[in-house]
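Taking it in order: structure first as structure tokens, then the write-up.
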């Protein structure tokens, strides 16, 4: 069954932990991204772990192989349960991350390769990569699977094809989840509803603003979980 991941894209630890406390018992996974990590540092990961959450550390690593391998080791030491790195970073970078994960003696973070950001539409892609989103996402996913990553970050609309191209057990995490088909009018482009994402076979649905900016975030989280076919807290 797909997991709901709530993105704590908030400016301070106080706000993030207050929201985490409201969501405890309703969701298992929380995401720490660049905004919160830069503001508060790695201690925010430890604080969320102490509250019993699984933590998705979404830093989208993209650097020389040695630096990325060291970052994977450091993230694991802080307790990150899932970590992102750009699948476009090249085979040597991805392999170094996998090797660093496999050398760990304790818990190993799930390594997810970022394929194509869901904020990029076809026009954006042609201006940057001279390619459409799905073919590039498929190519990067095949490579990530071959090298040994656990899964990829992609749009919901690429999930079924990626699982066919890589393997059915290759995990797919989908941002850009919105409550209705209009997409919400924000910076995301390749969006999907919870029902659409689940139907496509995604394993993790990341939801940020529709929950964090809701009048009652805990109720919004419960509604998303219900639409995913999950009972509250399951």
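The values are calculated or read from the model by the stated rules, or taken from the named source; none is laboratory data. The shown structure was predicted, so the numbers you read here are calculated from the model rather than taken from an experiment. Using ideal geometry, Cβ is built from the backbone for each residue, glycine included, and neighbour counts are taken over all protein chains shown.
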Report task. Please give the number of the condition residue 152 fails out of (1) modelled with pLDDT of 80 or more; (2) over 17 Å from residue 205 (Cβ atoms). Result -> (2)
Report task. Take the residues in the stretch 80-110 that are surrounded by 21 or more Cβ atoms within 10 Å (Cβ to Cβ) and out of contact with any strand residue (DSSP E or B) (no Cβ under 8 Å at 6 or more places or on another chain), then tell me which one is farthest from residue 52 (Cα to Cα). Result -> 96
Report summary line: The residue from 96, 80, 39 that alone is assigned to a helix (DSSP H, G or I) and either closer than 25 Å to residue 145 by Cα or at pLDDT below 95 (or both) is 96
**Report entry** Selection from the stretch 11-69 of residues that are surrounded by fewer than 16 Cβ atoms within 10 Å (Cβ to Cβ) and in contact (Cβ under 8 Å) with a residue 60 or more places away in the chain
**Finding:** 22, 25
Requested in this report: Within the stretch 111-128, identify whether any single residue is surrounded by fewer than 17 Cβ atoms within 10 Å (Cβ to Cβ), modelled with pLDDT under 95, outside any helix (DSSP H, G or I) and more than 16 Å from the chain's Cα centre (by Cα), and answer yes or no.
Outcome: yes
Requested in this report: For the stretch 192-205, indicate whether the set of residues that are part of a loop (DSSP other than H, G, I, E, B), within 26 Å of residue 151 (Cβ to Cβ), touching a helix residue (DSSP H, G or I) at 6+ places or on another chain (Cβ under 8 Å) and at pLDDT below 95 is non-empty.
Outcome: yes
